[in-house]
Amino acid sequence: MPRESIRTLVMSAEKDAVKRFLSHMHQSWDQLHVETTQSSQRELQAMETMTSAFIHKFPRVTPDLFVDLSQFIPFMSVSDIMSFPTSLMVNTSV
């Protein structure tokens, strides 16, 4: 799927649907067997695009959303990570 289509899909979905999707992904991540070492450059770029769209979909990241996004950290840019509130980054309960 082209990068722009991924971005459009995420941005056009209802926020509650995206939150449920992220929560489900977080709960099922180990069963999905996501292997970044064996992924093609195109697959990695797709994950980076999707992750960036998730972050832009939710400009205010809550602790629960932060946890649900945690498995996507390898696909985040430095600027994406730096956009998280400092309180979430240093919170040991998150």
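The values are calculated or read from the model by the stated rules, or taken from the named source; none is laboratory data. If you're wondering where the values come from, they're calculated on a predicted model, not measured in any experiment. Positions of Cβ are backbone-derived with ideal geometry, glycine not excepted, and every protein chain shown enters the neighbour counts. Side chains are part of the model used for accessible areas, which takes the heavy atoms of the whole protein and leaves out ligands, DNA and RNA. Shrake-Rupley method; radii C 1.70, N 1.55, O 1.52, S 1.80 Å.
Summary table
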quantity: Scan of segment 1-17 for residues that are closer than 9 Å to LYS57 by Cβ, in a helix (DSSP H, G or I) and either open to solvent by less than 90 Å² (accessible area, probe 1.4 Å) or at pLDDT below 90 (or both), ordered by number; calculated: VAL10, MET11
quantity: Of the criteria (1) touching a residue at least 24 places away in the same chain (Cβ under 8 Å); (2) outside any loop (DSSP other than H, G, I, E, B), which one ARG20 fails; calculated: (1)
quantity: Filter result for THR92 (more than 17 Å from LYS19 (Cβ to Cβ) and in contact (Cβ under 8 Å) with a residue 40 or more places away in the chain); calculated: no
quantity: Where ARG20 falls short, out of the listed (1) open to solvent by less than 70 Å² (accessible area, probe 1.4 Å); (2) under 13 Å from the mean Cα position of the chain (by Cα); calculated: (1)
